[in-house]
Amino acid sequence: MRRREAIGATLSSILFIAACLSDAASAVPCRTGGPYDKWLADLEHEAMAQGISQQTIAAAAPYLTYDQRIVNIDRGQRVFTQTFLEFSDRMAAAYRIQRGGALIKTHAPVFARIDQQFGVPAPVIVAFWALESDFGANMGNYRTLSAIASLAYDCRRADRFRPQLLDALQLIQRGDLRPQEMIGSWAGELGQTQMMPSEYYRYAVDYDGDGARNLLRSVPDVLASTANYLAGLGWRRGEPWLTEVRVPANMPWQQADLDIKLPRSKWAAYGVTLADGRPLTADDLPASLLLPMGRFGSAFLVYENFRVYLQWNNALVYSTTAAYLATRIAGAPPLRRGNPPPPLAFNDVKALQTMLSHAGHDVGKVDGFLGLKTRQAVKVMQMKYGLPADSYPTAELLARMRTSY
């Protein structure tokens, strides 16, 4: 972890990878087809077929080296297992909230343009800026071209990284970055909000008018490009993303599910209020009830814009923290922590996943990571055993399952 506990490229990559790893070998060319030099020559031919010039390839060539360290990092990833409260306590730190608000004031004209053009609020952008690189202070120190080439050559995820490498070359050809300044995360993310080259190539915009899209050094380019990316993911102008709420003890807990969307008027009828006890706006805006640490912990209503957070990074702990941090930067008070039960240990989560899998539930990988699929399976089993179905695994559920599986 880098200084000031910035999430930076490394942790963001861990969260992303933990949510989407696949063990299947790729069908695209990789190391099984021969030595690295031959693989690289074939890739250069493919790049030229896509319109990338020999001049661009020549400029990039000194940096397209194979780095076994990168492959070792990728293959040695540990699953991210912090709870929402553990993670948000660290990452939604007071200095990030304070500095985020100050930067919104500093760049007020840029944010005004962004809001008009893209419809994404400043606190949402600034929260990602804070989490991904600590406002540009921690963007990573790996050579991007070497990192992506190494991961594209390695067969484990060649299908993911080969297109990224080709788009990295497109960034050079377009004049956005020079090969030597492409420094970022070990997984190839670039810039102050850590975009992969394909995202950079598609969504980066020149907002300072200098003719280039520089997400390493140009704050206007960083902020507007992030907004453009969020808009591309489906951000809805003028709509909320997350609201902390208070939930009654007699809540039908099975309704707490991201797949269940009810109008706010229905949540109000259930007795859900704002966190300070004031009534919800009883309108037709659809929302889901999210209990990241179960019915005794913090509670949120999340909206369609929260789905954008999950597309940015579908690790629920990260997405909820990013959305919560944005509300804090926008002026919301600290969350009500509640009194959630102790989280299950890593090995207990793996044991639970194994039993859920044996019971016929799709939990994804048995990896000790409490992801969305595992939470959904937990809810089904809680309903089976007559437990409050809040989708959060407890020692009681684990004990019940151990007597049956």
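The values are calculated or read from the model by the stated rules, or taken from the named source; none is laboratory data. The structure displayed is predicted, hence computed values, not measured ones. Heads up, the Cβs are rebuilt from the backbone with ideal geometry, glycines too, and the neighbour counts pull from every protein chain shown. With ligands, DNA and RNA removed, areas are computed over all heavy atoms of the protein, side chains included. Shrake-Rupley method; radii C 1.70, N 1.55, O 1.52, S 1.80 Å.
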_How charged is the neighbourhood of A359? Take every other residue with its Cβ under 14 Å from the Cβ of A359, and add Lys/Arg as +1 and Asp/Glu as -1._
+4
*Cα gyration tensor shape of segment 73-192, rounded if a/c is under 1.5, else prolate or oblate by comparing a/b with b/c*: oblate
*Enter the accessible area of Y142 (Å², nearest 10), with the probe set to 1.4 Å and all protein chains included.*
60 Å²
*Can you sort F296, F369 by 1.4 Å-probe accessible area, starting with the largest?*
F296, F369
_Surface accessible to a 1.4 Å probe, D115 within the full protein complex, Å²_ = 70 Å²
*Which whole-number percent gives the relative contact order of segment 315-381, counting Cα pairs below 8 Å spaced six or more residues apart?*
29 percent
*Could you please state how large a percent of the accessible area of the chain is carbon and sulfur, counting protein chains only and using a 1.4 Å probe?*
51 percent
_Residue with peak Gaussian network fluctuation, the chain [Cα springs, cutoff 10 Å], from R160, R375, R307_ = R160
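Set the Förster radius R0 to 22 Å, insert the Cβ-Cβ distance between A395 and K266 as r into 1/(1 + (r/R0)^6), and round the FRET efficiency to 0.05.
It comes out at approximately 0.10.
Let me have the relative contact order for the chain, percent, based on Cα pairs under 8 Å that are six or more residues apart.
Computed value for the chain: 17 percent relative contact order.
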*Taking a 25 Å limit on the Cα-Cα distance, which of the listed pairs K261/K373; K261/K350; K266/K365; K350/K379 fall beyond it?*
K261/K350; K266/K365
*Percent relative contact order of segment 285-405, based on C-alpha pairs within less than 8 angstrom and at least six residues apart?*
22 percent
*For the chain, with every protein chain kept in place, what is the accessible area per residue (1.4 Å probe, Å²)?*
41 Å²
*asked:* Could you work out the percent of alpha carbon pairs in the chain separated by over 35 Å, rounded to a whole number?
replied: 32 percent
_Area accessible to solvent at K365, 1.4 Å probe radius, in Å²_ = 90 Å²
*What are the radius of gyration and Dmax of segment 217-354, computed over its Cα atoms and given in Å?*
16.4, 52
